[in-house]
């Protein structure tokens, strides 16, 4: 149950849902996500870190950029919610 609480808390934010709508279709760098949702890179990075911390996103650093993608092994509760976006 604790895992579900963490996932729901992470998803209970409009900006994070916007991020997931965008990343659900493609891998994206932090700056690309920030540009798409009209938010600063710093704020976007914080939102991405929260989604990463609960296992919804995976990330990979390439040179100076961090890329995010919806994880392959995300919690079932999160997968159901993301499929509705």
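If you work out P(r) over Cα pairs in 5 Å bins from 0, in percent from the coordinates, which of (1) 3, 16, 30, 27, 15, 7, 2, 0; (2) 3, 13, 21, 21, 18, 12, 7, 3, 1, 0; (3) 2, 12, 16, 18, 16, 12, 9, 7, 4, 2, 1, 1, 0 do you get? Answer by label: (1). Taking the number of Cβ atoms within 10 Å of each Cβ as an exposure proxy, the fewest-first ranking of 6, 36, 42 is 42, 36, 6. Among 39, 64, 20, determine the one that fluctuates most according to a GNM of the chain built with springs between C-alpha atoms less than 10 Å apart. Among 39, 64, 20, the largest mean-square fluctuation in the Gaussian network model of the chain belongs to 64.
For the chain, the mean residue ellipticity at 222 nm estimated from helices alone is -17000 deg cm²/dmol, where every DSSP H run of n ≥ 4 contributes -39500 (n - 2.57) and the total is divided by all residues, rounded to the nearest 500. Straightening the chain between residue 43 and residue 26 buys 4.1 nm, computed as 0.36 nm per residue apart minus the Cα-Cα spacing. Modelled spin labels at residue 5 and residue 65, positioned 7 Å past Cα toward Cβ, are 3.9 nm from each other. Kirkwood hydrodynamic radius, computed over distinct alpha-carbon pairs, for the range 43-85: how many Å, to one decimal? In the range 43-85 this quantity evaluates to 11.0 Å. Going from the residue with the fewest nearby Cβ atoms within 10 Å to the one with the most, 2, 80 rank 2, 80.
All of the numbers you see were taken from the coordinates with simple rules; none came from a lab. Not measured: the values here are computed from a predicted model. Using ideal geometry, Cβ is built from the backbone for each residue, glycine included, and neighbour counts are taken over all protein chains shown.
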